[in-house]
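The values are calculated or read from the model by the stated rules, or taken from the named source; none is laboratory data. Bear in mind that the values here come from a model prediction, so they are computed numbers and not experimental data. We place every Cβ from the backbone using ideal geometry, glycine too, and count neighbours over all the protein chains shown. Areas reflect the complete protein model, heavy atoms only, side chains present, ligands, DNA and RNA absent. Shrake-Rupley method; radii C 1.70, N 1.55, O 1.52, S 1.80 Å.
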Amino acid sequence: MVRGSGILAVAILGLSACSTRTADLADCTTYVAAGFRKIADERAQRFLGKVQEDTAQCRGGDRAVAFRSTPWVDWQNYWAVGDSNSKAAGPSGEHVHLSPNGRGVDGALLDLEYQRIELIKFNLFDNSGTFAQYLRDRDHIDGAALKTWEEMRLPRNNPLYAAVGGNGTQLCRGELIRARMLTGICNDIKNPLMGSTGQMFARNVEFDTTFPESGNNFLVKNRHGDRLGLLKPDPQVISRKLLTRVQSDPAKCNDGRGLAGNSAKANCDYKKAPFLNVLAAFWVQFMTHDWFSHLEEGSNGPELIPMGCETEIEAGVEKLLTPERMKQLNCRPEDRIDKGLIGIETQPSTFTYAGQEYLSRAPKATQNKNTAWWDASQLYGFDEDSRHRVKRDPVDPAKFLLVSSPSGEAYLPLLQSSDPMNPQWAGQESVAFADNWSVGLSFFHNVFAREHNLFVDAFRERAAQTPDADSGLRNPATPSRIIEYKDVTADELFEAARLVVAAEIAKIHTTEWTPQLLYNEPLFLGLNANWHGLLKDFPQAREALEKIVVQNFGPSRDVKEATQWYSVFASGSGIFGLGNHVYADEPIFAAFDPAKEDLWDLSNPDHVNGGINHFGSPFNFPEEFVSVYRLHSMLPDLIELRDLNGDPNVISGKISLLETVRGKATGALRKGGLANWGLSMGRQRLGALTLQNSPLFLQNLSMPRLPGGSGKVDVLALDLVRDRERGIPRFNEFRRQYGLKQLTSFDDFADPHLPKDSAELAEQRRLIGIVRESYGQHRCDAAKVITKAQTNDDGTPINDCLGHTNGSMVDNIEDVDVVIGMLAEFARPHGFAISETQFQVFILNASRRLFSDRFFTSSFRPEFYTRLGYEWVLNNGPEKMIENGLPNGHQIEVMPLKRVLMRTIPELRRELAPVIDAFDPWARDRGEYYSLEWKSRNGAESDEAFTR
Ligand code: HEM
């Protein structure tokens, strides 16, 4: 329903843009005459999100020009990409691409697409042994166009080795391709192992920039000197200084424990994001438990390691902490944690390409203990142990087992002693991914178990009405045999329901969670484009873009470049469903066209697999992706409890999240009921991702699984330790690697848009002072080159002085841990809950996990999902529903999580009626165009959350 404005439209319509403007006519003319930017050939020539002056003028006027000198991406300063104040006077809306507002939004989309193309081109580093082929090409096939790899074959010891072809060409078929396999094999039918449980995490950064702590090469040594180590700078000290939430009345917070009896008088201060609720925080944790895990059944290695609280930097010098200072800082030198699991740590081989030596993988690599696919494996399992915990209903095995509470509500059953489990999970619900359990995860697991069962009920109902009708489902072993509703087995239905639930979850994340996390018009359009296709309403524009692409590459259609441009084409048709219709004249990018004969054929492997693209590098999440999902600051310490049957505007109590973790979650959820927990977490704002805003309760989390030590761990310090164990480059090189501009001092973190005398800027400067105190400064040496990822604007190498005078004291901005740097980025595009650095990581990997998955592309078909399931995903439920009004100027369907909640918790329907996006605080008035104001909607004026 979203009518795209978009990139292709700007590409074509931009050519005549100048005729309609007067003030900035000359700038638009120059910009258009210069043509579109060429995709960089070399890493060091990347776009960096910075445009020419006339382009900035054309898309955002003087304001956009003024901020070109900052390190931050330019598009955030274009017209109409913020709230209504960002709009230029004059016409606006979707049909006016030539107006300033249209040029602003279209320009932002164009910048984002350039970034995505360059990220695909420069940031794929596979750790499973294929990297040399990617770089050097194989058998005259360009590396970036490779589609199969020896390394992605099932190994001989896999029980399905023979079934996929053994020693010969491996191809998954028959039962192996019907549904999502437990361990994630056979998603790509020609690369059976890809994305399956236990594969290596990939990297998005050059291998020789990983593990900076080990000083592996001269660039790393030049960049960091001897300043880094696993506990250098000290992680607990950083946590206490830069992450701790400062309390106005510490007694009322009690280190995150709140007051006795869940008293509403408790208070833990935290900085709140006005446009996101607590459900959004737990949603993303629920997602990460689907995508990745470094831990095996909630545990790491046997060895225990210290966690810091030993040293601090004072006047640039590292000093041991005295016992008094430890007490003052409130840190614990006795904390211990189990050492992170490492998959491979043998020295990687090297190879030479174009005169340069490369590592074939990172010096160490870790395994993803989960499937990398977006397959709802947190609900359905990813190995035998996790599947064992998934309980099916013995009465109808197509369903999850749900048990009735005394009040008659249906909940997931508890873990039994016979279930495989980590002892610290005792008392929790029995689910596939059970670690770091809390009431928030319990909420979503129960909601989606109910949704699964509701789908099964709807299917059974249709089967009862039309038992002899074609269910749409097919068995690839007998592709031409119609499977009628009455013949669908419970196992077949269970697996089809899994496909539906996984696709609903992916749709919620892409079109509801992310547009609220990145709350502005270009991202709303861009994300909906990823899903639905940007240009479904702009056929002429699409054809014209295809011409531009062909012109760019010439008639030869260079296969490597075509691979890179695939993402542009796909933003035309949408990734979701890409290749699930095949027409004689359009093999991949076809949108559904009832006038044409659909040639898609289940017995043709090239149709089943045809929509996917791995861009030359087998799909898995990179280590860096895990790092940017360390979003612990989103959690408040206390949840504000509300009662749907009383007055929802009243906060009746406040419960510490500590009282809702692990086994306690289950009792808390059942006591309050899903509706009240939904209401409470739906109305409360989550924690802003910024410095000195991380939960106190996580700094003091008890860890029953660990022997000895203090029995507690500071999870926020652990975030730093784990990143260091896994060799995440530190902040500045991380940005350079991802195609963003470096910072040259800590002062660059301050938001340049703020008035010089504002209180907000003063607070940012205070925090920046603590960053400087924590990471220190050093006397720089201009003779030391520190990176090869980028150069200075004049083409000279970047050196240790970062543009400052040789021999002067410079900030240790190179040493900042990524998690800290991201929280310190005060300058952000409008409505961005995350930083632009985090977002850059998402652009690449969020697209890739859709592009690589055949169940979201060419196998999104009734043959796998059933007809009902296929429609259920498209319509967000049994039938399509259109939202009232025009939120932010768009006619939209009622969003998918809102629909799921209305179905699974019908008591919430009234509360949800005025809600547009289930992740926006439910009682907030969304106001005008992308307003971030914290204002109550009609009927919630007395809600006390709006008085603070
Ligand atoms: C009550 C809530 C939570 C608790 C108790 C909790 C606890 C933990 C702990 C103990 C770890 C460290 C595991 C290890 O490396 O040994 C961890 C890792 C992590 N947490 Fe949380 N967490 C919570 C909520 C969240 C939320 C809301 C997010 C948001 C996305 C999140 C994201 C992560 C990520 C990405 C990791 C790294 C996982 C990996 O290494 O594979 N957590 N959490």
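Quick notes
- Over all distinct Cα-Cα pairs of region 159-239, the Kirkwood formula returns a hydrodynamic radius of 16.4 Å.
- Portion, in percent, of the accessible area of region 898-943 that falls on carbon or sulfur, probe 1.4 Å: 47 percent
- Magnitude of the charge dipole for the chain, about its Cα centre and with charges confined to Cβ atoms of Lys, Arg (+1) and Asp, Glu (-1), is about 900 debye.
- Taken over region 309-363, the percentage of Cα pairs per 5 Å bin, counting from 0 up to the bin with the maximum distance, is 4, 14, 13, 11, 8, 9, 11, 13, 9, 5, 3, 0.
- The helix-based estimate of mean residue ellipticity at 222 nm for the chain, built from -39,500 (n - 2.57) per DSSP H run of four or more residues and divided by its residue count, is -9500 deg cm²/dmol to the nearest 500.
- Only protein heavy atoms count here; under a 1.4 Å probe, F832 has an accessible surface of about 10 Å².
- When only alpha carbons are used to place a centre, region 333-349 and region 453-530 end up 40 Å from one another.
- Where the chain is the region considered: accessible area per residue in Å², 1.4 Å probe: 36 Å²
- A Cβ-based charge dipole, computed about the Cα centre of region 271-415 with Lys and Arg at +1 and Asp and Glu at -1, lands at about 360 debye.
- Under 16 Å from K364, Cα to Cα: aspartates and glutamates that are on another chain or at least 8 residues apart: D126, E206, D208, E213, E345, E623, E624, D723, E725
- Only the Cβ atoms of Lys and Arg (+1) and of Asp and Glu (-1) were treated as charged; on that basis the dipole of region 575-694 about its Cα centre amounts to roughly 1160 debye.
- Subset of K272/K935; K221/K241; K671/K935; K507/K898; K87/K756; K654/K712 violating a 21 Å alpha-carbon distance limit: K221/K241; K671/K935; K87/K756; K654/K712
- Percent of C-alpha pairs per 5 Å bin, region 207-256, short to long: 5, 18, 17, 14, 12, 10, 7, 7, 7, 4, 0
- Ellipsoid semi-axes for region 629-691, based on the Cα gyration tensor and the rule √(5λ), read 21, 15, 9 Å when sorted largest first.
- Charge dipole (region 293-386, unit charges on Cβ, about Cα centre) - positive-most of F351, I337, S377: F351
- Highest mean packing first, where packing is the average number of other Cβ atoms within 10 Å per residue, the peptides 99-105, 50-56, 703-709, 444-450 line up as 99-105, 444-450, 50-56, 703-709.
- Cα Rg, Dmax, region 799-859, angstrom units: 18.0, 60
- Options N620, Q692, S603, ranked by Cα towards positive dipole end of region 600-709, top entry (Cβ charges): Q692
- With eigenvalues of the C-alpha gyration tensor scaled by 5 and rooted, region 55-146, Å: 39, 14, 10
- Per-peptide average of other Cβ atoms within 10 Å, ordering 734-740, 403-409, 888-894 highest first: 734-740, 888-894, 403-409
- Taking packing as the residue-averaged number of other Cβ atoms within 10 angstrom, the listed peptides 714-723, 262-271 run from highest to lowest as 714-723, 262-271.
- Distance histogram for the chain (every C-alpha pair counted, 20 angstrom bins, percent rounded to whole numbers): 14, 48, 35, 3, 0
- The convex hull defined by the C-alpha atoms of region 795-948 has an orientation-averaged projected area of 15.9 nm².
- Apportionment of accessible area to carbon and sulfur, region 36-139, percent (1.4 Å): 47 percent
- Share of Cα-Cα pairs in region 603-729 lying beyond 17 Å, as whole percent: 71 percent
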